[in-house]
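The values are calculated or read from the model by the stated rules, or taken from the named source; none is laboratory data. Remember, it's a predicted structure, so these values are computed and weren't measured experimentally. Neighbour counts run over all protein chains shown; Cβ positions are idealised from the backbone, glycine included.
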Amino acid sequence: MKKTDFKDNESLDELQAKNENNFFLTTVDSLINWGRSNSIWPLTFATSCCGIEMMAAGASRHDFARFGVEVYRASPRQADVIVVAGTIVNKMAPVLKRLYDQMADPKYVIAMGACAISGGPFYYNTYHVIKGVEHVIPVDVYIPGCPPRPEALLYGIMQLQRKIQTETLKNKYAKEDNSGYNQYDLKMDIKND
Amino acid sequence: MEQTTTKREDISSIDYQEFVINMGPQHPSTHGVLRLMLKLKGEIVEVVQPHCGYIHRGIEKMCEHITYPQTIHLTDRLDYLSAHMNNEAVCLLVENALQIEVPERVKYIRTILDELTRLASHQLWWCAFGMDMGALTTFFYGLRDREKILDIFEKTTGSRLIQSFNVPGGLMNDIHKDFQKEVKEFIKYFRKILPEYDQLLTGNVIFQQRTKDIGILTKEDAINFGVTGPSGRGSGFSCDVRKIAPYSAYPYVKFEEKLQTKGDTFSRYMVRMHEMWESMNILEQLIDNIPEGTHAVKMKPIIKLPEGEYYQRVEASRGEFGVHVISDGNKTPYRFKLRSPNFMNLSVMHHISRNHKIADLIAISGSLDLVIPDIDR
C-alpha cells in the first residue's frame with residue numbers, strides 16, 4: 001500500500017473491497033488478516049521517553065492486550081511489530097536496521113513520537129540524529145506527539161490493524177516494492193541534511 | 001533462611017573458557033539502549049565495560065545555540081522521569097544569576113511537584129526492578145498507582161510525562177483549582193497502598209536472596225565514584241542536596257534523609273522504599289500551606305546572564321543533578337555542562353558487579369536505576 005493511497009479510514013475499507021480476487025482467495029485473505037491483525041506482538045525496544053508511555057500503554061489502565069498486542073517479545077525473531085519509541089541517533093541506526101532485518105515477515109513498523117518521525121526537538125543544529133526513522137526502515141504508521149499519549153499509541157495500533165486488513169496474498173510483497181526501499185540493501189545511505 | 005549461592009564467587013580456581021558477550025543495546029533489562037560488554041568466565045562476570053552513545057543527543061552542544069527559556073525543553077528530555085527537577089535546576093540557576101526572588105507560592109508548588117515527580121519515578125523504578133527479577137505483577141501494581149499522579153500532573157501542567165512547567169522566573173501557569181484536593185486524596189490512597197508493595201516484593205524470600213549481599217558498594221567507593229542519590233545513600237553516603245544545600249521550599253519542611261549502611265542491592269531498594277514515605281511526609285506539610293500570590297515574576301523578554309560561571313544543583317530522583325553554565329554575557333550560554341547522576345552511577349557498575357553471576361548483574365543494574373538518555377545526554 002502506497003502512502004499516497006491513504007486518505008481516511010473509509011479509503012482503507014474501499015481498498016479492501018476493491019481486491020479483485022476470486023472467492024477462495026478472498027476468504028483465505030480475510031481469515032489470515034483476521035489472525036494477523038489481532039495478534040501483533042511488539043518488540044521490547046525503547047530508546048527514550050516514548051518508551052515510558054509505551055510501558056504505560058501496556059500496563060493496567062490502558063492495557064493494549066485488549067487489541068491483541070498481547071506480550072512484548074524481547075527477541076526480534078518472535079516480534080511482529082517494532083515500535084520505534086524514541087530518538088534514533090547515528091550510532092543506533094545500524095542496530096535498528098539489524099533488528100528489523102532479524103524480524104520474520106510479515107513485519108510492521110510504528111514510528112512513535114516526534115523523534116522517530118522527523119528528529120523532533122533535536123532537528124535543528126545537530127550532528128547526531130536520524131531525521132526520521134524512515135531513512136533506515138520503512139514505516140507503516142506514524143504517531144505524532146512528544147511523547148504521544150498511550151491513547152494515541154492505541155489508535156496507532158488500531159490503524160495498523162486496519163492496514164493489515166487490506167493485505168492480500170496476491171500482492172504479498174507489495175509493501176517493499178511500493179515504498180521503493182530495498183529491504184536487503186545492507187549498505188545504508190542515511191541522508192542527514 | 002540461609003544465604004547460600006549469592007555471595008561473590010572466587011573465580012581463581014575455576015577453569016572455564018573466557019568469552020566476551022554483548023548485553024544490549026536492545027535488551028529489556030538495560031532499561032534502554034545501554035550496551036554492556038561483558039567478559040565472562042563461565043557464568044561469572046569478570047569485566048563489565050559500558051559503551052555509551054547509543055542515545056547521544058548532543059543536548060549540551062544544542063544548548064549553546066538556544067536561549068535560556070528554550071533550554072528547559074531539552075533538559076526535560078535528559079532524565080525524563082525527573083523532568084521537573086531538571087528544569088528546576090536551570091530555572092534556579094538563571095534566577096540566582098539575575099538575583100531574582102521568586103514568590104513563595106512558586107517555591108511551594110515547585111517543591112510539591114518535585115516530590116510528586118520523585119514518587120512517580122520511584123514507582124516506575126519499583127515496577128521495572130520487580131520485572132527484572134521476574135515478578136511481572138509489580139509492573140501492573142506500580143503503573144496503576146503512577147497513573148493517578150500523572151492525572152494530577154495532566155490537570156495542572158497539561159502533560160503527563162514531560163511537563164516543561166518550570167520557566168525562569170516562576171511557573172508556566174497557576175495550579176488547577178482541584179490540585180490540592182487531588183494531591184491529598186492521592187496521599188491518603190497511597191499511604192494505604194504502599195504497605196502492599198512491601199508485602200508483594202520486600203518480604204519475598206526469592207527476592208531477598210537475589211538482592212541481599214549482591215553488588216556491595218562501600219561508602220568510600222560511593223564517595224570516590226561520586227555515586228549520589230538513593231544509590232549512594234544505600235551505602236551510607238549522606239548526599240541529599242535537599243539537606244545539604246536546600247532550595248525552593250525544602251528549608252521549610254522537616255524530613256529525614258534515609259540512610260542504609262550495608263550498600264548492597266537490597267539497601268538501595270530499601271532507601272527508595274523509605275523515600276516514598278518521606279516524599280509523602282513532605283507533601284503533607286506543604287499542600288495545605290501554599291501561600292497566595294502570583295505564579296511568576298515578570299522577566300525581560302530576552303534573558304542575558306552576566307558574564308561569569310554559575311553552578312546549581314538539585315536532588316533529582318536518581319541523585320545530584322547539576323548545571324554548570326559559563327556565560328559571556330550573551331543570550332545563549334557559552335558552555336552548558338550537565339552533571340547527570342546516572343553517568344556517575346553507571347561508572348561504578350564494573351566495580352560492584354565483578355565476580356558476581358550474570359543474573360546478579362541484572363539485579364545490580366536495576367537497583368542503580370539507570371536512565372540511559374541521562375547518561376549519554
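Which pairs have Cβ atoms under 7 Å, sit 6 or more apart or on different chains, and link a residue in the range B:49-68 that is farther than 12 Å from residue B:375 by Cβ to one that is buried (at least 23 other Cβ atoms within 10 Å of the Cβ) and among the polar types (S, T, N, Q)?
Pairs found: B:63/B:71.
Would you be able to say whether some residue in the range A:127-145 is closer than 24 Å to residue B:29 by Cβ, at pLDDT 90 or above, crowded, with 22+ Cβ neighbours inside 10 Å and in contact with a helix residue (DSSP H, G or I) (Cβ under 6 Å, 6 or more places away or on another chain)?
Looking for residues that are closer than 24 Å to residue B:29 by Cβ, at pLDDT 90 or above, crowded, with 22+ Cβ neighbours inside 10 Å and in contact with a helix residue (DSSP H, G or I) (Cβ under 6 Å, 6 or more places away or on another chain), one finds none in the range A:127-145, hence no.
Spot the failing condition for residue A:114; the list is (1) in contact with a Cys (Cβ under 7 Å, 6 or more places away or on another chain); (2) facing chain B (nearest Cβ under 10 Å), and only one is missed.
Residue A:114 satisfies all of (1) in contact with a Cys (Cβ under 7 Å, 6 or more places away or on another chain); (2) facing chain B (nearest Cβ under 10 Å) except (2).
Among the residues of the range A:77-94, count how many are more than 8 Å from chain B (Cβ to nearest Cβ), free of Cβ contacts under 8 Å to residues at least 60 places away in the same chain and not small (Gly, Ala, Ser).
Within the range A:77-94, residues that are more than 8 Å from chain B (Cβ to nearest Cβ), free of Cβ contacts under 8 Å to residues at least 60 places away in the same chain and not small (Gly, Ala, Ser) number 6.
Can you name the residue in the range B:164-211 that is of a type in the set (A, V, I, L, M, F, W, C) and not in a helix (DSSP H, G or I) and is also nearest to residue B:129 (Cα to Cα) among such residues?
Among those that are of a type in the set (A, V, I, L, M, F, W, C) and not in a helix (DSSP H, G or I), it is B:165.
Just one of B:114, B:79 is over 30 Å from residue B:359 (Cα atoms) and modelled with pLDDT of 85 or more; which is it?
Answer to the selection: B:114.
Restricting attention to the range B:171-200, which residues are of a type in the set (Ser, Thr, Tyr) and under 22 Å from the mean Cα position of the chain (by Cα)?
Of all residues in the range B:171-200, those of a type in the set (Ser, Thr, Tyr) come to B:189, B:197.
Listed by number, the list holds a single entry, B:197.
Taking the residues in the range B:114-154 that are among the hydroxyl-bearing types (Ser, Thr, Tyr) and under 28 Å from residue B:253 (Cα atoms) as candidates, determine which candidate is surrounded by the fewest Cβ atoms within 10 Å (Cβ to Cβ).
Taking the candidates together, the pick is B:117.
Given the structure, is residue B:355 in contact (Cβ under 8 Å) with a residue 24 or more places away in the chain, among the polar types (S, T, N, Q) and on the phi > 0 side of the Ramachandran plot?
Yes; evaluated as a whole, the condition is true for this residue.
Return the residues of the range B:1-36 that are among the aliphatic types (A, V, I, L, M) and either under 30 Å from residue A:53 (Cβ atoms) or at pLDDT below 75 (or both); say none if nothing qualifies.
Result: B:1, B:11, B:14, B:23, B:33, B:34, B:36.
Given the structure, is residue A:47 of a type in the set (Val, Ile, Thr) and at pLDDT below 85?
no
Taking the range B:62-82 as the search range and keeping residues that are at the interface with chain A (Cβ under 8 Å from one of its Cβ atoms) and within 29 Å of residue B:37 (Cα to Cα), which one is surrounded by the fewest Cβ atoms within 10 Å (Cβ to Cβ)?
Restricting attention to the range B:62-82, the residues satisfying the condition of being at the interface with chain A (Cβ under 8 Å from one of its Cβ atoms) are B:62, B:65, B:73-74, B:77, B:80-81.
Those still in the list that are within 29 Å of residue B:37 (Cα to Cα) too: B:77, B:80-81.
Numbers: B:77: 27, B:80: 22, B:81: 24.
Out of the qualifying residues, it is B:80.
Checking the structure you have, find out if any residue of the range A:52-64 is assigned to a helix (DSSP H, G or I), more than 12 Å from chain B (Cβ to nearest Cβ) and surrounded by fewer than 16 Cβ atoms within 10 Å (Cβ to Cβ). Talk me through it step by step, then tell me what you get.
Initially, the range A:52-64 is screened for residues assigned to a helix (DSSP H, G or I), giving A:52-58, A:64.
Narrowing the set further to residues that are more than 12 Å from chain B (Cβ to nearest Cβ) leaves A:64.
Checking the rest, the ones that are also surrounded by fewer than 16 Cβ atoms within 10 Å (Cβ to Cβ) come to none.
No.
For the structure I just gave you, tell me whether residue B:235 is of a type in the set (Ser, Thr, Tyr), assigned to a helix (DSSP H, G or I) and surrounded by 15 or more Cβ atoms within 10 Å (Cβ to Cβ).
In short, no.
Residue A:109 is checked against (1) within 12 Å of chain B (Cβ to nearest Cβ); (2) at negative phi; (3) modelled with pLDDT of 85 or more and fails just one. What number does that condition carry?
So the condition that residue A:109 fails would be (1).
Out of the residues in the range B:15-36 meeting the condition of being assigned to a strand (DSSP E or B) and either within 14 Å of chain A (Cβ to nearest Cβ) or touching a residue at least 60 places away in the same chain (Cβ under 8 Å) (or both), tell me which one is nearest to residue A:130 (Cα to Cα). Explain how you work it out, then say what you get.
Step one: of the range B:15-36, the residues assigned to a strand (DSSP E or B) are B:18-23, B:27, B:32, B:35-36.
Then drop every residue that is not either within 14 Å of chain A (Cβ to nearest Cβ) or touching a residue at least 60 places away in the same chain (Cβ under 8 Å) (or both), which leaves B:22-23, B:27, B:32, B:35-36.
Details: B:22: 24, B:23: 23, B:27: 21, B:32: 18, B:35: 19, B:36: 23 Å.
That would be B:32.
For the range B:89-134, which positions are within 14 Å of chain A (Cβ to nearest Cβ) and of a type in the set (A, V, I, L, M)?
Selection gives B:120, B:124, B:128, B:131.
Checking the structure you have, find out if any residue of the range B:290-298 is touching a residue at least 60 places away in the same chain (Cβ under 8 Å) and within 15 Å of residue B:71 (Cβ to Cβ). Explain how you work it out, then say what you get.
First pass over the range B:290-298, keeping only residues touching a residue at least 60 places away in the same chain (Cβ under 8 Å): B:290-298.
If we keep only those that are within 15 Å of residue B:71 (Cβ to Cβ) as well, we get none.
No, the range B:290-298 contains no residue that is touching a residue at least 60 places away in the same chain (Cβ under 8 Å) and within 15 Å of residue B:71 (Cβ to Cβ).
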